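The values are calculated or read from the model by the stated rules, or taken from the named source; none is laboratory data. Because the structure is a prediction, the values reported are computed rather than measured. All Cβ positions, glycine included, derive from the backbone under ideal geometry; neighbour counts span all protein chains shown. For the accessible areas, the whole protein counts, side chains as well, though only heavy atoms, and no ligand, DNA or RNA atoms are used. Shrake-Rupley method; radii C 1.70, N 1.55, O 1.52, S 1.80 Å.
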Amino acid sequence: NLNRLVKQPKTLTVHLSELEEAAHDFNPDAIVLSGSLSDFDYYNPAHLQKFKNFITKTEFPVLAICGGHQLVGVAFGKKLSTLD
């Protein structure tokens with residue numbers, strides 16, 4: 001798998017609100033969630049709920065980095081506090 005991914009990488013970048021549909025259509029080997037430039041309390045609650053519905057049930061491997069890691073924690077019911 002590693003050789004195939006290195007020789008023929010395919011990536012797709014999508015907004016949080018498009019993740020479930022993109023994963024279904026693109027059928028990735030894995031999902032990488034990156035950071036964010038804003039606090040999650042500024043996010044559209046419908047987007048957060050849609051993400052939660054997806055991430056808590058997906059069977060795709062997920063690597064969540066920085067804000068992506070926090071987003072996964074929130075989806076699984078963890079409390080998040082901002083520094084301000």
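To test your reading of the geometry: what angle, between 0 and 90 degrees and rounded to tens, separates the Cα axis of helix 45-55 from the longest principal axis of the chain?
40 degrees
With the full set of protein chains in place, find how many percent of the accessible area of region 23-70 is carbon and sulfur; take the probe as 1.4 Å.
That fraction is 55 percent.
Please work out the average accessible area per residue across the chain, using the 1.4 Å probe convention, and give it in Å².
79 Å²
With no solvent and one equal point scatterer per Cα, compute the Debye intensity ratio I(q)/I(0) for the chain at 0.14, 0.22 Å⁻¹ and report its log10, rounded to two decimals.
-0.51, -1.12
Arrange the residues Glu21, Glu59 by how much accessible surface each exposes, largest first, with a 1.4 angstrom probe.
Largest accessible area first, the list is Glu59, Glu21.
Restricting attention to region 43-83, which trypsin sites (Lys or Arg not before Pro) occupy a DSSP loop and are surrounded by at most 16 other Cβ atoms within 10 Å?
Lys57, Lys78, Lys79
Sum up the lysine pairs in the chain that clear both bars: alpha-carbon distance under 24 Å and a spacing of 8 or more or different chains.
7
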